[in-house]
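Each remark here refers to the structure printed beneath this line.
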Amino acid sequence: MARWLRVWEKKRGTRRTGSKLVGTLGEALFSATLFVLGGVSLTTLLVLRALPIEHPFPPGFGFWVMVIVLSSFMLLGGGGVIWTWLNAGTSPERRSALAKRAAAIGPKTMATPQRPELPCIPSDANLTNSPGVKQRYRLPEVQSPAWRLILAIVFCIIWTVSAALLSLMALISFFRGEPEYFLTIFAIPFLAVSGWAIYDMHRQWSLYAGIGPTHVEISDHPLQPGREYWVYVSQSGRVAMKALAVQLVCEECATFRQGTDIRIEQKRVFNRQIDRRTDFRITPDGPLELETRLEIPVDAMHSFQSEHNAINWKLVIYGEAGAWPSFERCFPIIVYPHHDGQQDHHRTADFAQNLPS
Amino acid sequence: MTASKTITEPLISLRICRPSAAFHPGETLEFEYQIDAIEPREIRAVEVSVIWFTEGKGEEDLGVHFFERSRASDVVDGDLRSLQRLACKLPPSPLTYHGTIVKIHWCVRVRLVRRSGRDICADRLFHLLPWRGAHGSG
């Protein structure tokens, strides 16, 4: 079948089997139709409303709903036509270059940048704004256990109150002699989820109250491959610990669409234990304190962040306590490339032994 | 006897002026390209870019480091097919990476924008590798 006549097209890698021109025309036609449909319908609605005739069914709240819906049709259609027109005949590289140029002429902060500008490497501003006690910087945690506990409490309260109300209504119907069987069946899964929410809240509370906060400090930041740093870890609480491990972890993160859903997949590609303590007790007067040496592998990839892909480095504190559930607390770090490109210009790059196969 | 119609596609010759195609941040990437098998009047523009792009499980991301668009009116004789040699200094990041679900590639791309509307592209991959050495304590 001719390429431009295909109804269903396939995506093979970065190449599509269908015609780009037909696709663009179809997109423009769809958006234009939506715009015209919205415009004509909205005009008709407004004219009918303005005419001095008696309506058999005068529109009330529904009139404004119609105005909002038809206006959104016009906005979506008009926006679609403009977007298609702007994208037609422009290559992705040119669009990206224009966007980069536009970003470069945008407003800039007056502060002088402290670090060299490294494209696609996330800023470490939030990681170096808190000084440490034993080391230079205190690292922030990805998700504080306090926030997780607050979320668990709020969810538990809302869900348990809803489940209790439903169960109460079902019980009353039985006492009145008019049993609501459908409501009773509906309330059972609500009660089950409520039970899980109470368990989760208890678990989070146990982790927070029994194990206590974890503090991590580092001697320098950002980190560079092949270099060594000192890491200080402090674990407070009131608990007998089976084990506590400090791990250096690298994760790849990819965001992609599956149907209409947006999914995120993470893959741990590097995991090195840099310290581990076993069978010890943490008391309120004596938190566990350990200072350990951290070496970033010489061949480590730098941190990377783009719109849909990322390479994240972090320090993970993994703990196993006797009576408590195991826990994992993550502290992000930023790894820079070996040099900033301004140094070592005498080196030659005319070798290929390091090329990935 | 069957009659066959030969459709000649335009040719884009693109060469990176270093056989290993391995570079380090801050080094200069030199490359040259030439266009053939197309009439000069059929060419609307030629876009040359040095880009990085991701490959893997996630949606593809693309970043442009260098971009140049030439039209017939930009050159003296109006012919965009002649041999062109360009150079650009490479940035410190992102480096070439071959991960499990994320991969980062660098390439030089020459896009021929034809008056008929169909673009033709030629890509040459190269590697942006880290400097090695300089160990110490932080």
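The values are calculated or read from the model by the stated rules, or taken from the named source; none is laboratory data. Here the structure is a predicted model, which means the values were calculated and not measured. For neighbour counting, all protein chains shown are included, and Cβ atoms are generated from backbone atoms with ideal geometry for every residue, glycine included.
In this entry, A:Lys134 passes the filter for residues that are among the charged types (D, E, K, R) and at pLDDT 85 or above. Looking only at region A:218-233, count how many residues are more than 13 Å from chain B (Cβ to nearest Cβ) and either part of a helix (DSSP H, G or I) or buried (at least 21 other Cβ atoms within 10 Å of the Cβ) (or both). Of the residues in region A:218-233, 1 are more than 13 Å from chain B (Cβ to nearest Cβ) and either part of a helix (DSSP H, G or I) or buried (at least 21 other Cβ atoms within 10 Å of the Cβ) (or both). You will find that of A:Ala254, A:Ala243, the residue that is in a strand (DSSP E or B), small (Gly, Ala, Ser) and free of Cβ contacts under 8 Å to residues at least 60 places away in the same chain is A:Ala254 and no other.
Going through region B:82-103 one residue at a time, which ones are buried (at least 20 other Cβ atoms within 10 Å of the Cβ) and more than 7 Å from chain A (Cβ to nearest Cβ)? Hits for region B:82-103 are B:Leu90, B:Thr96.
Taking the criterion of being part of a helix (DSSP H, G or I) and surrounded by 12 or more Cβ atoms within 10 Å (Cβ to Cβ), the residues of region A:173-192 that qualify are A:Ser173, A:Phe174, A:Leu183, A:Thr184, A:Phe186, A:Ala187, A:Ile188, A:Phe190, A:Leu191. On inspection, B:Glu47 fails the criterion of being surrounded by fewer than 17 Cβ atoms within 10 Å (Cβ to Cβ) and under 30 Å from A:Glu117 (Cβ atoms). Condition check for B:Glu47 on (1) modelled with pLDDT of 90 or more; (2) within 29 Å of A:Ile334 (Cα to Cα); (3) touching a strand residue (DSSP E or B) at 6+ places or on another chain (Cβ under 8 Å); (4) within 9 Å of another protein chain (Cβ to nearest Cβ): one failure, at (2). Scanning region B:69-81 for any residue that is in contact with a Gly (Cβ under 9 Å, 6 or more places away or on another chain) and at the interface with another protein chain (Cβ under 10 Å from one of its Cβ atoms) turns up nothing. For A:Ala103, the conditions (1) within 12 Å of another protein chain (Cβ to nearest Cβ); (2) at pLDDT below 85; (3) surrounded by 15 or more Cβ atoms within 10 Å (Cβ to Cβ) all hold with the exception of (3). Filtering region A:272-295 to residues that are assigned to a loop (DSSP other than H, G, I, E, B), of a type outside the set (Ser, Thr, Tyr) and surrounded by 12 or more Cβ atoms within 10 Å (Cβ to Cβ) leaves only A:Pro287. Of the listed requirements (1) among the hydrophobic types (A, V, I, L, M, F, W, C); (2) outside any strand (DSSP E or B); (3) at pLDDT 95 or above, B:Ala3 misses just one: (3).
Being surrounded by 15 or more Cβ atoms within 10 Å (Cβ to Cβ), part of a strand (DSSP E or B), facing chain B (nearest Cβ under 10 Å) and hydrophobic (A, V, I, L, M, F, W, C) is true for just one of A:Val298, A:Val269, A:Val316. Which residue is that?
On the way: A:Val298 fails: part of a strand (DSSP E or B); A:Val316 fails: facing chain B (nearest Cβ under 10 Å).
Answer to the check: A:Val269.
Please find, within region B:28-44, the residue that is farthest from the other protein chains (Cβ to nearest Cβ) out of those that are crowded, with 21+ Cβ neighbours inside 10 Å and more than 13 Å from B:Arg124 (Cβ to Cβ). Residue satisfying both the conditions and the ranking: B:Ile35. Starting from region B:106-130, take each residue that is more than 9 Å from chain A (Cβ to nearest Cβ) and crowded, with 21+ Cβ neighbours inside 10 Å and list its partners that are of a type in the set (A, V, I, L, M) and outside any strand (DSSP E or B), counting only C-beta distances under 9 angstrom and pairs at least six apart or across chains. From residues that are more than 9 Å from chain A (Cβ to nearest Cβ) and crowded, with 21+ Cβ neighbours inside 10 Å, the pairs are B:Trp106/B:Leu90; B:Trp106/B:Leu95; B:Leu112/B:Ile38; B:Leu112/B:Leu80; B:Leu128/B:Leu90; B:Leu128/B:Leu95.
Quickly run through region B:63-96 and pick out the residues that are farther than 27 Å from B:Arg18 by Cβ, among the acidic types (Asp, Glu) and outside any loop (DSSP other than H, G, I, E, B). Correct list: B:Asp74 only.
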